[in-house]
1. What number of residues in segment 1-33 are under 12 Å from the mean Cα position of the chain (by Cα) and basic (K, R)?
2. Determine whether segment 2-20 contains at least one residue that is surrounded by fewer than 11 Cβ atoms within 10 Å (Cβ to Cβ) and in contact (Cβ under 8 Å) with a residue 24 or more places away in the chain.
3. Based on this model, can you work out whether R64 counts as assigned to a strand (DSSP E or B), over 9 Å from the mean Cα position of the chain (by Cα), without any contact (Cβ under 8 Å) to a residue 40 or more places away in the chain and over 19 Å from V10 (Cα atoms)?
4. Can you give me the number of residues within segment 3-20 that are among the charged types (D, E, K, R), within 16 Å of S68 (Cβ to Cβ) and either modelled with pLDDT of 90 or more or in a strand (DSSP E or B) (or both)?
5. Can you find, within segment 51-61, the residue that is farthest from W16 (Cα to Cα) among those that are out of contact with any Gly (no Cβ under 8 Å at 6 or more places or on another chain) and outside any loop (DSSP other than H, G, I, E, B)?
6. State which residue is nearest to G2 (Cα to Cα) when the search covers only segment 38-70 and only residues that are small (G, A, S) and touching a strand residue (DSSP E or B) at 6+ places or on another chain (Cβ under 7 Å).
7. Within segment 21-50, track down each residue that is part of a loop (DSSP other than H, G, I, E, B) and surrounded by 13 or more Cβ atoms within 10 Å (Cβ to Cβ).
8. Would you be able to say whether some residue in segment 49-61 is more than 13 Å from the chain's Cα centre (by Cα) and among the hydrophobic types (A, V, I, L, M, F, W, C)?
Amino acid sequence: MGQALAEATVEAGEDWDTVYRCRQGCGPILIVSRHGDIPWEGRGYRIGDWVLRNPRDLYIQPVRMPASPHALD
């Protein structure tokens, strides 16, 4: 069962991190943060100065964004 990001709990963290969490307690859905200096394969998707880390599959209609295996490392 899916959940829209608009339905998620949003936490503004330290160092520009924003974490979207499942309202049912299933954990983080998406972490948006500034990119680091060292690329890390499997950590997420870099978009300009930002990194999208998704420990869960994201569906951006009609696009699927597969989960990043190291998103929470």
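The values are calculated or read from the model by the stated rules, or taken from the named source; none is laboratory data. Please read these numbers as outputs of a predicted model, since none were measured by experiment. Positions of Cβ are generated from backbone atoms using ideal geometry, with glycine treated the same way; all protein chains shown enter the neighbour counts.
1. 1
2. Initially, segment 2-20 is screened for residues surrounded by fewer than 11 Cβ atoms within 10 Å (Cβ to Cβ), giving 2, 4, 6, 12, 14-15.
From the residues that got through so far, the ones that are in contact (Cβ under 8 Å) with a residue 24 or more places away in the chain too are 2.
Among the residues of segment 2-20, at least one is surrounded by fewer than 11 Cβ atoms within 10 Å (Cβ to Cβ) and in contact (Cβ under 8 Å) with a residue 24 or more places away in the chain, which makes the answer yes.
3. On the way: assigned to a strand (DSSP E or B): yes; over 9 Å from the mean Cα position of the chain (by Cα): yes; without any contact (Cβ under 8 Å) to a residue 40 or more places away in the chain: yes; over 19 Å from V10 (Cα atoms): yes.
Taking the combined requirement at face value, the residue satisfies it.
4. Taking segment 3-20 and keeping what is among the charged types (D, E, K, R), we get 7, 11, 14-15, 17.
From what's left, within 16 Å of S68 (Cβ to Cβ): 17.
Of the ones still in play, those that are also either modelled with pLDDT of 90 or more or in a strand (DSSP E or B) (or both) are none.
Of the residues in that region, 0 qualify.
5. Across segment 51-61, the extreme among qualifying residues is I60.
6. Taking segment 38-70 as the starting set, the residues that turn out to be small (G, A, S) are 42, 44, 48, 67-68.
After this cut, where a residue has to be touching a strand residue (DSSP E or B) at 6+ places or on another chain (Cβ under 7 Å) as well, the list is 44, 68.
Details: G44: 20, S68: 17 Å.
So, considering only residues that are small (G, A, S) and touching a strand residue (DSSP E or B) at 6+ places or on another chain (Cβ under 7 Å), the one nearest to G2 (Cα to Cα) is S68.
7. Start the filter on segment 21-50 by keeping residues that are part of a loop (DSSP other than H, G, I, E, B), which leaves 22-27, 35-44, 48-49.
If the condition is that a residue be part of a loop (DSSP other than H, G, I, E, B) and surrounded by 13 or more Cβ atoms within 10 Å (Cβ to Cβ), then C22, H35, W40, R43, G44 are the ones that fit.
8. Restricting attention to segment 49-61, the residues satisfying the condition of being more than 13 Å from the chain's Cα centre (by Cα) are 49, 61.
Those still in the list that are among the hydrophobic types (A, V, I, L, M, F, W, C) too: none.
Looking for residues that are more than 13 Å from the chain's Cα centre (by Cα) and among the hydrophobic types (A, V, I, L, M, F, W, C), one finds none in segment 49-61, hence no.
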